[in-house]
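So the structure is just underneath, and the comments pick up after that.
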Amino acid sequence: MTFYQIWVRSFKDGNGDGIGDLYGVYEKLDYIKSLGIDGIWLCPVYPSPNADYGYDISDYKNIHPDFGDLAQFRKVLDRVHELGMKLIMDLVVNHTSDEHPWFLESRKGKDNPYSDYYIWRDKPNNWDSLFEGKAWEYDEVRGQYYLHIFSKKQPDLNMDNPKVREEVKSIMRFWLDMGVDGFREDVINFISKKEGLPDGLPFIPAVNGMFAYKDGPHIHEYLAEFREVCNEYDCIQIGEGPMTTVKTALMYMTGKTKSLDMMFSFDHMMADCLYTEYIQRPFSLRKLKRAFSKWQYALNGRAWNTLYLENHDHPRIINRYGSVYFRRESGTMLAAAYIFQQGTVFIYQGQEIGMTNIRLRDIDDYMDISSKTNFSKYHINDPLDERMKRIYKSSRDSSRTPMQWSGLRYAGFSTARPWFKVNPNYHEVNVAAEENDPDSILNFYRKCVWLKKHCKTLVYGSYREFYPKSHRIYMYERVYNDSRWLIICSFSRLPAEVKLPPEYEGRARRLVLCNYRGSDPYDMHLRPYEARVYKFR
Ligand code: GLC
Ligand code: CA
């Protein structure tokens, strides 16, 4: 199965106000289908003050007026199903918006029905938030501090309160009754906090609370409750698991509760950074391969991987693991590098046309809260352009610029000035141009998705990596019964010679897919960022 992820605000504006919406999504469903997509993950479309662009929800059972209304949502959902695709929603229940009615009530005092919906304390512990200063904010009205792992406008829900869990289940039912096919569950491994909220290790700033709010003591009980709801509807649950390890992920995906069907892990997103993109390191292919293979080997036969390189939380992958100078070559190579592994593929809007990072001049031009606070964390004495360069490399905003549909004004995203800057490279990088070019990144993605769908070996086959120590080449096989595929990807901007593993040498082969024309299947000299997908006999 292959999913397409939509961050609605920047996907397509259907009513001419400069903001992407569900009218635009509806218009583009045929395009999504044309990629060979089986399912859509819709980022949050609920009413939200947008402190964290939809991840701060003020009403879980409605649609943000910017995006349309429930009737338009139903229209989208019906059409998705007509086209034979599935639709999953974003379920964000670690926190709400501080403008959610529950929070407005909760802050009023200690003795109303919502008092215990959030995590209130007289004294804060030492935790930092991931987005904005300390993890505790004093509330004048209530006279206590509330916990917020993310921004101040995202107070954490108290999942230990059974009433809160009932609310979550009621939200799930609301959307499942309407016909959605499942959920992507936001930071789901954070929802059960350790009793007493002990101090974290003081010398790891920003994530010092992590061990108390990750994989908490009741997490599996709570998820089992949610699972029961899903079982009534036969739907899928995919959990986002920041900092999740193979071991903890397997606890969610296997065993008695089997509370999650799949998880989004992050190891492979750290081949050029430490935990978060704002602490940068040079890209290391060996790190990337180690992360890929670790998950491939560990989950094989036990659980199922998610495969992704981009989403709304990360800068564009070509800037990170490829090269903007070899945009087409590295964009296509990266597709082959991840799509043919074992797992369910996710493609993020714009990734399929090789969109790249936007470079904005001023920090005030950035919209994303974490980019702004990251900027303020860089040392004030570092030169300004150095700090801006790091933001350019790390900002989540690069994946949130308007989708580039054509070379027309505003990239065909809208008829009005879009809510956020369009990447000026839209004249070359856009869907219309790539549709017409048989060698485009877009058409390469289509071929990859098609192959993955039609070849059992690429779905179920075992995975084995060769030459893990190579700094230039990522090579892996997929084997199923007698069928053998070998995927060879060069991460080098220079030509590279490849040696086949001994068991493959001299064997008859078919070069099924390649991102260059005219490559001789028997000549193992690879051009910059060349990717080859072989079927062996
Ligand atoms: C997840 C979302 C991210 C959001 C955060 C807080 O990581 O993907 O966009 O900011 O959770 O909800
Ligand atoms: Ca609009």
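Do the sum for the chain: with -39,500 (n - 2.57) for every DSSP H run of n ≥ 4, divided by all residues, what is the mean residue ellipticity at 222 nm, to the nearest 500 deg cm²/dmol?
-8000 deg cm²/dmol
Could you check the simple spin-label distance between M1 and F203, using points 7 Å along Cα→Cβ, in nm with one decimal?
Between M1 and F203, the simple spin-label model gives 4.5 nm.
Hey, can you rank 402-408, 352-358 by average C-beta count inside 10 Å, highest first? The partial results should precede the final answer.
Working: 402-408: 21.0, 352-358: 24.7.
Per-residue mean Cβ counts within 10 Å order the peptides as 352-358, 402-408.
Hey, rough spin-label estimate for K108 and D122, points 7 angstrom out along Cα→Cβ, what's it come to in nanometres?
2.4 nm
List the extent of the Cα atoms of the chain along each of their three principal axes, largest first, rounded to whole Å.
The Cα atoms of the chain stretch 77, 56, 52 Å along the principal axes, largest first.
I need the peptides 513-521, 153-161, 477-485 ranked by packing, meaning the mean over residues of other C-beta atoms within 10 angstrom, with the highest value on top. Working shown, then result.
Numbers: 513-521: 14.8, 153-161: 22.1, 477-485: 16.6.
Per-residue Cβ counts within 10 Å, averaged per peptide and sorted highest first, yield 153-161, 477-485, 513-521.
For the chain, what is the relative contact order in percent, using Cα pairs closer than 8 Å and at least 6 residues apart in sequence?
12 percent
Multiplying the sequence separation of N161 and E386 by 0.36 nm and subtracting their Cα-Cα distance, what value in nm do you get? Don't jump to the answer; show the numbers that get you there.
Values: separation 225, 0.36 × 225 = 81.00 nm, distance 4.63 nm.
Result: 76.4 nm gained on full extension.
Answer with one residue from Y504, S462, G518: the one whose Cα lies farthest towards the positive end of the charge dipole of segment 461-536, charges on Cβ with Lys, Arg +1 and Asp, Glu -1.
Highest projection toward the positive end goes to G518.
At 7 Å along the Cα-to-beta-carbon direction for both V324 and M524, put a label point, then send me their distance in nm to one decimal.
Between V324 and M524, the simple spin-label model gives 3.6 nm.
Contour minus end-to-end for S406 and H218, with contour as 0.36 nm per residue of separation and end-to-end as the Cα-Cα distance?
On the way: separation 188, 0.36 × 188 = 67.68 nm, distance 4.91 nm.
Between S406 and H218, full extension yields 62.8 nm more.
When you count, for each residue, the other Cβ atoms within 10 Å and take the mean per peptide, how do 272-282, 173-183 rank with the highest first? Could you put the intermediate results ahead of the total?
Working: 272-282: 16.0, 173-183: 17.6.
Result, highest mean first: 173-183, 272-282.
What FRET efficiency comes out for I363 versus D437 if R0 is 45 angstrom and r is the Cβ-Cβ distance? Round to the nearest 0.05. Could the numbers behind the result be given before it?
Values: r = 36 Å, r/R0 = 0.80.
Result of the calculation: an efficiency of 0.80.
Take every DSSP beta bridge with both residues inside the chain and express the antiparallel ones as a percent of the total, to the nearest 5.
Numbers: 37 of 62 bridges.
Bridges in the chain are about 60 percent antiparallel.
Given a Förster distance of 60 angstrom, what is the FRET efficiency for F283 paired with E228, based on the Cβ-Cβ distance and rounded to 0.05?
0.90
Post the alpha-carbon centroid distance, segment 419-466 to segment 128-147, in whole angstrom.
Result: 43 Å between the Cα centres.
Apply 1/(1 + (r/R0)^6) to the Cβ-Cβ distance of H427 and L83, taking R0 = 30 Å, and write down the FRET efficiency to the nearest 0.05.
On the way: r = 31 Å, r/R0 = 1.02.
According to the calculation, E is roughly 0.45.
For helix 219-233, report the angle its Cα long axis makes with the longest principal axis of the Cα atoms of the chain; keep it between 0 and 90° and round to the nearest 10°.
70 degrees
What are the ³J(HN,Hα) couplings of segment 426-443, residue after residue, when phi is run through the Karplus curve with 6.51, -1.76, 1.60 and θ = phi - 60°? Round to Hz, x for glycine and proline.
Using θ = phi - 60°, the values come out as 5, 4, 9, 9, 7, 4, 4, 4, 6, 4, 7, 10, x, 9, 6, 4, 4, 6 Hz.
All of the numbers you see were taken from the coordinates with simple rules; none came from a lab. Keep in mind it's a predicted model, so treat the numbers as computed, not measured. Methodologically, a virtual Cβ is constructed for each residue, glycine included, from the backbone with ideal geometry; neighbour enumeration extends over all protein chains shown.
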